[in-house]
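The values are calculated or read from the model by the stated rules, or taken from the named source; none is laboratory data. All values reported here derive from a predicted model rather than from experimental measurement. Ideal geometry is used to build each Cβ from the backbone, glycine not excepted, and the neighbour counts take in all protein chains shown.
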Amino acid sequence: MIVDPAHPLWTKISRLPKVELHRHLEGSLRLETLFEIARTYDLDLPSDDPETLRPYVQVMKGDSPDFIAYLEKFKWLRRFYVSPELIARIVSECIADAAADNVKYLELRFNPVALSRLRGFALEQVVLWVAEAAERAQRDHNIKVRLILQIGRDESIATARRIAEIAVAAHSNGVVGLDLAGDELAYPATPFTEIFRWAQKKGLHITIHAGEVGPAANVREAVERIGAERIGHGIRAVEDPALVSLLAEQGITLEMCPTSNLHTGAIATLSDYPLRHYLEQDVRVTINTDDPGISNTSLTDEYMLAVQHMGIELQMLHQTILHAAAGAFLPESERHELITWFEEVLVPL
Ligand SMILES: [Zn+2]
């Protein structure tokens, strides 16, 4: 954690009711759970000693920022989905952790291929296990949760289509969106256009990781060609002022994740972070964790970084929370309810 919880603002921000739109299930494993699984099962890991294992799954102090090294950690984290029970436990713990951080509405995303590959589970089955566990956990922890299925950019078109079909079929199980993630420098988004357009026609919402380490053109492509309503990160959109205006005009939500962006090298320092600039340009920006397990962070920590390093005042934080509520992949009436609830509770704070 790079934020000091003893800071006088930490408690206040921790108590703020929050919305999170961008959190990966695979990047949210509790390390204690992961070490317990490593000790119990024969998982072909470099070690089952927690401290030896930790650098494989978490960014360590002193690590050089590196996008590919960051993505590599997901490869190790794919080895922990050993059984339906453990998948349910990991989902439940992830949601409990968000709720403990006062997240009131969470959109949790995962790649069903990542969860099924180790034991050869059927993709549909894995999605149902996650949906059932999420349904239970949201009731137990007083938090509303919806799910986004993720397609890896390195996946084949056939697999991507399969994931999109499963996502559409699981709409009534709480799956509300489709995401494209992974290495945007090596794998363009264009080949997936038809699949995303099809899913959108079938009622799913679209978010795409773009402009994280790739150029502003990737953000434009995601919005104009593929129909993304939200963009994961979008930091480099700042390089194209006309694009920034377009994002503002179209009400595109940017899901920004500061610590993750430091860890991947997407930005050099937090003082360069364009969050405040986007706010001033009326872009709908939101703050998220991305991968609380890998980055050892929480949403409170991310808000604190915005206050301490990006010139974000408390009132602006409220604005980002309202932006997130407005960007929720919910039906119009539910989204309106969410926004109204946050407007009421944030005013007196
Ligand atoms: Zn992400």
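Among the candidates GLU313, GLU221, the residue that is at pLDDT below 95 and either surrounded by 20 or more Cβ atoms within 10 Å (Cβ to Cβ) or among the charged types (D, E, K, R) (or both) is uniquely GLU313.
Looking across region 275-286, the residues that are away from the ligand (no atom under 16 Å from the Cβ) and not in a helix (DSSP H, G or I) come down to GLN281, ASP282, VAL283, ARG284. For beta carbons closer than 6 Å, sequence separation of 6+ or different chains, a first residue in region 326-349 that is closer than 23 Å to LEU149 by Cα and a second that is part of a helix (DSSP H, G or I) and modelled with pLDDT of 95 or more, the qualifying pairs are ALA326/ILE339; ALA328/ARG335; ALA328/LEU338; LEU338/ALA325. If the condition is being surrounded by fewer than 21 Cβ atoms within 10 Å (Cβ to Cβ), modelled with pLDDT under 90 and out of contact with any Lys or Arg (no Cβ under 8 Å at 6 or more places or on another chain), then region 74-95 contributes PHE74, LYS75, TRP76, ARG79. Selection of region 299-319 for residues being assigned to a helix (DSSP H, G or I) and hydrophobic (A, V, I, L, M, F, W, C) yields LEU299, MET304, LEU305, ALA306, VAL307, LEU314, MET316, LEU317. Considering only residues in region 27-44 that are within 23 Å of the chain's Cα centre (by Cα) and surrounded by fewer than 17 Cβ atoms within 10 Å (Cβ to Cβ), the one that is farthest from the ligand (Cβ to nearest atom) turns out to be GLU32.
For THR264, the criteria (1) surrounded by fewer than 19 Cβ atoms within 10 Å (Cβ to Cβ); (2) within 17 Å of the chain's Cα centre (by Cα) hold in every case but one, which is (1).
When the residues of region 45-66 are filtered to those that are within 21 Å of the chain's Cα centre (by Cα), of a type outside the set (A, V, I, L, M) and under 20 Å from ILE267 (Cβ atoms), the one that is surrounded by the most Cβ atoms within 10 Å (Cβ to Cβ) is GLN58. Evaluated against (1) under 29 Å from ALA210 (Cβ atoms); (2) surrounded by 15 or more Cβ atoms within 10 Å (Cβ to Cβ); (3) away from the ligand (no atom under 16 Å from the Cβ); (4) not aromatic (Phe, Trp, Tyr), HIS24 falls short on exactly one condition, (3). Restricted to region 233-274, and to residues there that are more than 15 Å from the ligand (Cβ to nearest atom), assigned to a loop (DSSP other than H, G, I, E, B) and modelled with pLDDT of 95 or more, the residue that is farthest from PRO215 (Cα to Cα) is GLY251.
Does THR286 satisfy the criteria of being of a type outside the set (Gly, Ala, Ser) and over 20 Å from ASP63 (Cα atoms)? Yes. Annotation: TYR70 fulfils all but one of (1) at pLDDT below 90; (2) among the hydroxyl-bearing types (Ser, Thr, Tyr); (3) more than 16 Å from the ligand (Cβ to nearest atom); the unmet one is (3). Scanning region 191-205 for residues that are under 21 Å from PRO258 (Cβ atoms), touching a His at 6+ places or on another chain (Cβ under 7 Å), away from the ligand (no atom under 15 Å from the Cβ) and at pLDDT 95 or above turns up nothing. Restricting the first member to region 211-232 and to residues that are in a helix (DSSP H, G or I), and the second to residues that are away from the ligand (no atom under 16 Å from the Cβ) and of a type in the set (S, T, N, Q), the beta-carbon pairs closer than 8 Å and six or more apart or on different chains are GLU221/THR190; VAL223/GLN250; ARG225/THR190; ARG225/THR193. Residues considered: ILE143, ILE148, ILE195. Of these, the only one that is in contact with a helix residue (DSSP H, G or I) (Cβ under 6 Å, 6 or more places away or on another chain) and closer than 28 Å to ALA99 by Cβ is ILE143. Applying a threshold of 6 Å to beta carbon distances and a minimum spacing of six or more residues, or different chains, the list of pairs starting in region 168-190 at a residue that is farther than 18 Å from ASP290 by Cβ and ending at one that is within 13 Å of the ligand (Cβ to nearest atom) reads TYR187/ARG153; ALA189/LEU180.
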